[in-house]
Amino acid sequence: MNEWRLIGNIQRLLFNCETIEQMGGVILNVLFSVIPECRKAVLFLYDNGSESLKPFFGLEASESVNIEEYNALPEEILRKQMRAPFNSHALKYPSVGRASPFFEILLNDSCSMECRGDTVAEICSYFGFKNLGEFSIKSREKVLGSVIVDANCRTAGVRESMEVLKPLFSIYMDDLMKASYIEDMESRLETGYPSNMRRESLYRLGRASSWIAHEIKNAVIGVIGLFRRLEKYIKKDNKSENYIRVIEKELERIYEFVVDINQYAKGFKVNESVLFSVETIIEESMNAVGIPNSFVTVVTNIHPNARYIQGDPSQMKQVLINILKNSVEAIGKRKGKIWISTARNGDVVEIEIKDNAGGIEGEPVHNIFKPFYSTKSHGTGLGLAIVKQIILAHSGTVEAHNTTFGNGEKGLRFKIKLPLKTESGGVDGENNGGR
């Protein structure tokens, strides 16, 4: 597996973690994949309450798995690794407080160290290490955890691998911890406060999120501009070109993410309510997403009696773009198809978009409309949440369901229902509202 495919696979594994246990398992299994000489590894996590580092997960090379084989660490493998004797032994190690010399070693952040007398000897003796290497997991100088490994970390290859992996571990660990905190706060809001206090708290949270997103967006715009100016001074070779492409891609992803946060936090209201053509909005949305193309075939079926709806055309275009992007990204680089159709049901226009990209397995499909939920390693998790907000603002509904085609292919089907109006204010077509 080449370097860039490996990094992509590691990102996918980290992104698919839903619990701290899964994250710990991925981190340790990744280490054995990138440091072949590593014999044992132990992850410590920082506990804010006791201000100490506590052993969380220990793993031996003989119990590890090859990460190239998975998009997510299987639960049965994780449980087996957690039941292994070495993990049980590692978890019995006492918490490491700030006064302990081991605490300083754990946060040395050097990935290698000179022996420090009895402390290092005691650590190696307890865990059965022959060598002691370490790297800390931090986010904005906040300590999240630390990993010790039984390997020689002085080699250039290992140091270079750690320079790539440490930021990845830190970002995804921090994100997962924040997500756990947000879920805890949501639970407290739902159960511990009256409805009026919940509304006020959510309103303030939305205002704060919007302000934070605005500030981050301005900073990212500045960084993008400076990086593009700096780019001409960078020596161009294959490695630096790859790094430049990764940096540009990640900066663009951050920018899109904060724009989505800002948009979602502000909420949606129909700013202009005009009569517009459904067919025109569909065509414009397809053009914006770049379909049809060499990978994606599109089949459209626009019903003549489902031509107009009342609302905000730009917002409705955003709805269709977000859904179509979801289908296009799910299809990826393989051949796929998207069907777009409209229908009339009384005084309601129905827009249906479906694809043959495999659908969603293992989880309730309605989760895709939740904020920050995504099945993609690069997704913001806000695109479909924004879709739902806009549709609700238009007094409509949106649903998603897995679907199976006659040839056995599977996919996802979105159905949007919106009030239908005509130029005269009545129902388009038959006056009795029939089909």
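Just so it is clear, none of the values below were taken in a lab; they were calculated from the coordinates. The shown structure was predicted, so the numbers you read here are calculated from the model rather than taken from an experiment. Cβ placement follows ideal geometry from the backbone for every residue including glycine, while neighbour counts extend to all protein chains displayed.
Taking θ as phi - 60° and the Karplus parameters 6.51, -1.76 and 1.60, the scalar couplings of segment 80-93 work out to 4, 5, 6, 8, 5, x, 5, 5, 4, 5, 4, 5, 7, 5 Hz in sequence order, x denoting glycine and proline.
Is segment 236-328 rounded, prolate or oblate when judged by the Cα gyration tensor, a ≥ b ≥ c being the square roots of its eigenvalues, rounded requiring a/c under 1.5 and prolate requiring a/b larger than b/c? Oblate, because a/c is 1.5 or more while a/b does not exceed b/c. For residue 348, the residues whose modelled amide H falls within less than 5 Å of its own, excluding neighbours fewer than 5 places apart on the same chain, are 420.
Using the Cα centre of segment 51-112 as origin and beta-carbon charges of +1 (Lys, Arg) and -1 (Asp, Glu), tell me which of 96, 57, 77 is placed farthest towards the positive end of the dipole. About the Cα centre, the residue reaching furthest to the positive side is 96. A crude spin-label estimate for the pair residue 54 and residue 239, with each label 7 Å from Cα along the Cβ direction, gives 4.1 nm. Apply 1/(1 + (r/R0)^6) to the Cβ-Cβ distance of residue 415 and residue 121, taking R0 = 60 Å, and write down the FRET efficiency to the nearest 0.05. The calculated FRET efficiency here is 0.35. The lysines within cross-link reach of residue 410, meaning a Cα-to-Cα straight distance under 30 Å and a gap of 8 or more places when in the same chain, are 317, 325, 333, 335, 337, 354, 370, 376, 388. Here the scattering of segment 3-175 is modelled by Debye summation over its C-alpha atoms, one equal scatterer each and no solvent; at q = 0.19 Å⁻¹ the log10 of I(q)/I(0) is -1.36. Annotation for residue 395 and residue 275: the two label points, set 7 Å from Cα along the Cα-Cβ direction, are 1.6 nm apart.
Given their separation in residues at 0.36 nm each and the Cα-Cα distance between them, residue 352 and residue 37 gain 108.0 nm when the chain is fully extended. Site pair residue 302 and residue 79 shows an inter-label distance of 5.3 nm when each label is modelled 7 Å from Cα along Cα→Cβ. Size descriptor for segment 274-419, Kirkwood hydrodynamic radius: 15.4 Å (Cα pairs only, one decimal).
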